[in-house]
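A quick write-up on the structure given underneath.
Quick note: the coordinates plus some simple rules give every number you see, no bench work behind them. Please read all numbers here as calculations on a predicted model, not as lab measurements. Cβ placement follows ideal geometry from the backbone for every residue including glycine, while neighbour counts extend to all protein chains displayed.
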Amino acid sequence: MAARRRLKRVAASQSGFLSFKSPSDPTSSVGSRRKRVNKNKKKNWNKYSDVNDVDEFLEDVRHQERTTGGLLSEKADDSLFFLDLGQPEKPQPLAETPQADEGRKRKGKASRPLRIDLILKPDSLVPPPKDILAYQQPNAKKLRRIAEKAERLAAKGVVPRKQKRLLNRRPIDRTVKKAVAEANNNPDRDYYDIWGQEPKVSADPWYLQQTGKKLVKRPEKLNEKPSVLPAVEVIAPGGSYNPDFFSHQALLQEAHQVEVQKKKQEDKLERQLAINKEDKATEETNLREQVEGLVEEENDDEELAPSKEDDEAALAAIAVTQKKSEKQIKKEKAEKLKEQQRLTSRRQTERQQQLFQLRSIKASIRQQEEKTKSKQMQRRIKQEAQKAQPRRLGKLKFQAPDLDVQLSDELAGSLRQLKPEGSILKDRFKSFQKRNLIEPRERAKFKRKLKVKYVEKRAFREIT
């Protein structure tokens, strides 16, 4: 309260202060005796304190700041008053072309503010408060120190490493023209199918990549089929309901070869699992195993005696460990040098001899190239053949289905007498496996979790 009264007294003491509002209470200036109240108690502060005059003064100051942008006492006379000289006479306009007159009208009309802008324009002339946080920079002191250091180095002629890297970078070719979008009214533009699979992309590739709208490029491998085999294989001519004799016999021969191969695999497995009769245990072998290690052999003492060959090897090792004399070292060094010279001369002689063997060397190189080409051709043929074979996609191998073939006495003369064979569902399932679309599978085996418990019924127990 004391601060408000002090502000009021200071403002009232100023000679140039002008008030917009007249005092609300004309009798306020008339002196009246104030009631003596104890202001030491807090409950009497607001009850017996009159601050209306201070509030009116502050409200008048705020009103002047909103309407005029400041106090009227601080404004200049030119901003508050103007000299009225009456209606000014308009000068006679010179004869101008209609085009220039029209351009001036358009220019003047465009310079006027819109009515909606005038309505939305703020009424208050008080400038917004200065946002101190907007002028603050993180690590300003550190950045200023770095800038000062860079200036000192630049004055000395030292180029920073970052600047060197920028200077050493390869120049980017900026001459590439950007793709210009075609106009919609161009009759020569390509036909666009709105029902097509691929959408028409006309935006900048960099923008599409950064915004995540660029379509992922389909890998070329996905366009390749996993197998070259057709989806539906045509059956052999011998599988018809009324086949030709030779075609039927060829199909029977193929089925016979498949059965023979299966029989060979079974026989091989039986031979591998068969028990050799010579490996069976007899009474003699059992007795020998029981007494093994109990009887000492007589040749043990002879084996313990040292042999002459071991003594000679030990003496040779001792002789090697003895220190060589200087004469021996020089002799070995000279022999080693002679051996090196001999090998060098031999290599040089072989190189000279190769000059006379150019024809044979060329022939050998030609043979080697032909052999390499033949191997490449065989490898390529093998790879092409493997494309038609099922690959190993899982833990199980692909088992080819049995051939649907009828014997000669089972052939039917017409479609009415033909008996159905095979299953379309199994045939399609095997075709998927053969074309590497799915992995070979087998039917899951049922496993019983709980054991079966057999209980005799009471009626059966009474009978027995």
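Given R₀ = 22 Å, FRET efficiency for ARG392-LYS221 by Cβ-Cβ distance, to 0.05?
Working: r = 19 Å, r/R0 = 0.85.
So the FRET efficiency works out to roughly 0.75.
Report the full-extension gain for the segment LEU125 to GLU148: residue separation times 0.36 nm, less the Cα-Cα distance, to one decimal in nm. All intermediate terms of the calculation are to be shown ahead of the outcome.
Details: separation 23, 0.36 × 23 = 8.28 nm, distance 4.12 nm.
Contour length minus the Cα-Cα distance gives 4.2 nm.
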Approximate spin-label separation GLN328-ALA231, in nm, with each point projected 7 Å along Cα-to-Cβ:
8.8
Cα→Cβ-extended label distance, 7 Å offset, between TYR241 and LEU415, nm:
0.6
How much length, in nm to one decimal, is gained on full extension between LYS336 and GLN383, taken as 0.36 nm per residue of separation minus their Cα-Cα distance?
11.5 nm
Pull out the extension gain between ASN139 and ARG165, defined as 0.36 nm times the separation in residues minus the alpha carbon to alpha carbon distance; nm, one decimal.
6.8 nm
What nm value, rounded to one decimal, do you get for the distance between LEU437 and GLN249 when each label is placed 7 Å out toward the C-beta?
3.8
Sorted peptide list for 128-136, 40-48, criterion being average Cβ within 10 angstrom, highest first
40-48, 128-136
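Can you work out the FRET efficiency for the pair ARG112 and ASN38, with r the C-beta to C-beta distance and R0 = 51 Å, to the nearest 0.05? Write down the numbers at each step before the final one.
Numbers: r = 65 Å, r/R0 = 1.28.
After rounding to 0.05, the efficiency reads 0.20.
Ranking request for peptides 51-61, 407-417: highest mean number of other beta-carbon atoms within 10 Å first, then the rest in descending order. Intermediate values should be presented prior to the final figure.
Numbers: 51-61: 15.0, 407-417: 8.9.
In descending order of packing, they fall as 51-61, 407-417.
Which FRET efficiency value, to the nearest 0.05, do you get for VAL258 and LYS451 by plugging their Cβ-Cβ distance into 1/(1 + (r/R0)^6) with R0 = 30 Å?
Working: r = 42 Å, r/R0 = 1.41.
Efficiency, from the Cβ-Cβ distance: 0.10.
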